[in-house]
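Enquirer: Right, I'll just put the structure down here and ask away after.
The values are calculated or read from the model by the stated rules, or taken from the named source; none is laboratory data. All values reported here derive from a predicted model rather than from experimental measurement. Glycine gets a Cβ as well: all are built from the backbone with ideal geometry, and neighbour counts include every protein chain shown. What goes into the accessible areas is simple: the full protein's heavy atoms, side chains included, and nothing from ligands, DNA or RNA. Shrake-Rupley method; radii C 1.70, N 1.55, O 1.52, S 1.80 Å.
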Amino acid sequence: MEKSNISRRSVLQVGGAASLAAAIGLAAGQPASASTFLGSKPQATEILDLGPAVVQFSLMSGLLVGDVLYIGSRNLEPVRIIAFHVPTGKVIGQTELTNGHSIQTLAADASGRYLYAGVLQKSTGTQPNLFRWDLNSLGAKAAAIGYIGDRDVRDLSVAPNGRLYIVGGGSPTAPALWEYDPATGQITSLGIPDAGATLARAVAATDSTIFFGAGSTLNGGSGASRACLFAYDRAAKTFTNVTPAEMLKDPSIRDLGIVGDKLMVSSAGSVENSKIAAVSLSNPKTYAQSISEGKTAKNFVAIGDKVYFANEAGLLAYNLSANAVVAVPYQGPSLGEIWGVDARDGKLLVTSGYGFVAEIDPATGTTKTTDLGEAGAPSDPQSVMGIAAGAGYVYVGGNGVIARRSLRTGEVANMLAPGEAKDAIVVDGALYTGQYSGQGIWSYDPRNGKPITQVAEFPKEQNRPLDVCWDESNRLVLVGRKQTPRAVVRCGLMTRAPARRASS
């Protein structure tokens, strides 16, 4: 656990902290939430600025180009890309983009000169959601090159001929396949291959064929289609459905990657595990398929005859000749949510949502990690996911982290936790969170000295917690959660809190 004091804003005064502590009943040990700040006597209420809630470098993408790992930020304003030089372990450059809140995808052209980035944004319009950074001039800002009609850019792929292909979603219409021609500067829609899809998260391009992977991960129901993979013939300007039969009942295609003469395809799992397929580029109807581990499979990279990728728990390897998936040995800290897997000098370079880069030997699992904050990445306030208060602390959920602030001292400690704490409650001094995506309920008790741990699981098809509340009569923590892909909200009795302790 890393601890830091936000000294650049002297907003937490001892008297103010004590007043706030008294106002929300810190010693009472009862469940508390943000609403507790609003006391029953408005005339006695004091509003205090405690400073930024969650401060860290939060990330959502990583791509190695040469010796430099480029990393896109998440829920930071302004959104930015940093350049992490692997040999020295230092951040050697960064650029800020003029729009968006997160960067989920990066792609480089064959020459390694231009880095493309696509952003997630809050609304559809004419603001740019595509950018290009000249890597020969890291001191220059990335330039906006335009926008696709879909609100969010989820994946990018540069064909060998230099054309950029883009997919995404978030708009009322089904996602399209988009093309950017750097010779003309034009962005063109190549069509909507599946009118029932709600989100496209994967694209991979050769000079002749563009592969488009979609489904309905976020907005299912009402006849929305499931996993679908299309091959777009550039010469004929036609789409052909080439979805592997075993993936048809999965929610969506999760990722695509070109490895030699194969297209690596993964599906997002729900009631079943994810699946992996190695598809022939020359004949996409021909493929080998294997069951993976977990519900996520993304970020393909090849070393020899093995294709490495990430799931929600760590790293896996797919053996092309044996058509089998195995776990990669690993000796190191939890990787949390993985947003980049690259290969360099026979080792794997993993970009962790916990804000560090891990260099892993895939044969032995030995690991070297570099904290991006210590390497020079800027740490800034990020968007808040959830908040709870009680027993002397305020807890704020971010991406891969929960910030714990002491209202007595002002000390802030960042606790690593996978995903996002969408909501939380403090019961008898212990914190209980609803963790997205599909992480269940986690708990932390500051009195026992133990790290935050998972105490209950969600069914995998119910991955988005919406509300956490306390049932005093039955002494149960209840969590309302969304079921995907059908978007059904259900409430479940998830875990029983510890027996009430006698006050001292």
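Enquirer: Only one of D371, D345 is under 22 Å from V79 (Cβ atoms) and surrounded by fewer than 21 Cβ atoms within 10 Å (Cβ to Cβ). Can you tell me which?
Expert: Numbers: D345 fails: under 22 Å from V79 (Cβ atoms).
Just a single option satisfies the conditions, and that option is D371.
Enquirer: Give the residue that is nearest to D255 (Cα to Cα), with candidates limited to residues of the stretch 89-104 that are in a strand (DSSP E or B) and of a type in the set (G, A, S).
Expert: S102
Enquirer: Only residues that are crowded, with 17+ Cβ neighbours inside 10 Å and more than 25 Å from N399 (Cβ to Cβ): list them for the stretch 307-332, please.
Expert: The answer is V307, A317, Y318, L320, V325.
Enquirer: Within the stretch 277-298, can you find the residues that are within 13 Å of A204 (Cβ to Cβ) and open to solvent by 20 Å² or more (accessible area, probe 1.4 Å)?
Expert: Once the filter is applied, which keeps residues that are within 13 Å of A204 (Cβ to Cβ) and open to solvent by 20 Å² or more (accessible area, probe 1.4 Å), the stretch 277-298 yields L281, P284.
Enquirer: Something else now. Give the stretch 51-80 a look and list any residue that's among the polar types (S, T, N, Q), part of a strand (DSSP E or B) and open to solvent by less than 10 Å² (accessible area, probe 1.4 Å), or say none. Break it down into steps so the answer makes sense when it comes.
Expert: First pass over the stretch 51-80, keeping only residues among the polar types (S, T, N, Q): 56, 58, 61, 73, 75.
Now narrow it down to the ones that are part of a strand (DSSP E or B): 56, 61, 73.
Of everything in the stretch 51-80, those that are among the polar types (S, T, N, Q), part of a strand (DSSP E or B) and open to solvent by less than 10 Å² (accessible area, probe 1.4 Å) turn out to be S61, S73.
Enquirer: Which pairs have Cβ atoms under 7 Å, sit 6 or more apart or on different chains, and link a residue in the stretch 147-166 that is farther than 19 Å from T209 by Cα and among the hydrophobic types (A, V, I, L, M, F, W, C) to one that is assigned to a loop (DSSP other than H, G, I, E, B) and open to solvent by less than 40 Å² (accessible area, probe 1.4 Å)?
Expert: I148/N129; V153/N129
Enquirer: Sort out which residues of the stretch 82-111 are surrounded by fewer than 16 Cβ atoms within 10 Å (Cβ to Cβ) and within 23 Å of A358 (Cβ to Cβ), and write them in order of number.
Expert: P87, T88, K90, I92
Enquirer: I'd like to check something: does the stretch 250-271 contain any residue that is open to solvent by 10 Å² or more (accessible area, probe 1.4 Å) and hydroxyl-bearing (S, T, Y)?
Expert: Yes.
Enquirer: Quickly run through the stretch 315-353 and pick out the residues that are part of a loop (DSSP other than H, G, I, E, B) and more than 24 Å from Q454 (Cα to Cα).
Expert: L320, S321, A322, N323, D345, G346 - these are the residues of the stretch 315-353 that are part of a loop (DSSP other than H, G, I, E, B) and more than 24 Å from Q454 (Cα to Cα).
Enquirer: Condition first: open to solvent by less than 30 Å² (accessible area, probe 1.4 Å) and over 16 Å from E312 (Cβ atoms). Now tell me which residues in the stretch 442-467 satisfy that. Show your work before the answer.
Expert: First pass over the stretch 442-467, keeping only residues open to solvent by less than 30 Å² (accessible area, probe 1.4 Å): 443-445, 452, 456, 458, 462-463, 465.
Scanning the stretch 442-467 gives S443, Y444, D445, I452, A456.
Enquirer: Within the stretch 294-314, track down each residue that is of a type outside the set (A, V, I, L, M), at negative phi and assigned to a strand (DSSP E or B).
Expert: Selection gives K298, F300, K306, Y308, F309.
Enquirer: Anything in the stretch 130-157 that is in a strand (DSSP E or B) and in contact with a Lys or Arg (Cβ under 7 Å, 6 or more places away or on another chain)? List them, or say none.
Expert: Within the stretch 130-157, D134, A143, I145, R154, D155 meet the criteria.
Enquirer: Mind listing whichever residues of the stretch 158-178 are open to solvent by less than 20 Å² (accessible area, probe 1.4 Å) and assigned to a strand (DSSP E or B)?
Expert: L164, Y165, I166, V167, G168, G169, L177
Enquirer: Need pairs with beta-carbon distance below 6 Å; first residue more than 24 Å from R464 (Cβ to Cβ) and polar (S, T, N, Q) and within the stretch 377-400, second open to solvent by 10 Å² or more (accessible area, probe 1.4 Å) and in a strand (DSSP E or B); sequence gap 6+ or separate chains.
Expert: So the pair list comes out as S379/V55; S379/Q56.
Enquirer: Can we say L335 is open to solvent by less than 40 Å² (accessible area, probe 1.4 Å) and either in contact with an Asp or Glu (Cβ under 6 Å, 6 or more places away or on another chain) or closer than 20 Å to T105 by Cα (or both)?
Expert: yes
Enquirer: Determine if the stretch 348-360 includes at least one residue that is free of Cβ contacts under 8 Å to residues at least 24 places away in the same chain and open to solvent by 30 Å² or more (accessible area, probe 1.4 Å).
Expert: Scanning the stretch 348-360 turns up no residue that is free of Cβ contacts under 8 Å to residues at least 24 places away in the same chain and open to solvent by 30 Å² or more (accessible area, probe 1.4 Å).
Enquirer: Could I ask something else about it? Tell me, which strands (runs of 3 or more DSSP E) wholly within the stretch 357-451 include 3 or more residues that are touching an Asp or Glu at 6+ places or on another chain (Cβ under 7 Å)?
Expert: 412-427, 430-436
Enquirer: Follow-up. Only one of (1) within 21 Å of I71 (Cβ to Cβ); (2) in a loop (DSSP other than H, G, I, E, B); (3) among the small types (G, A, S) is not met by S282, so which one is it?
Expert: It is condition (1) that S282 fails.
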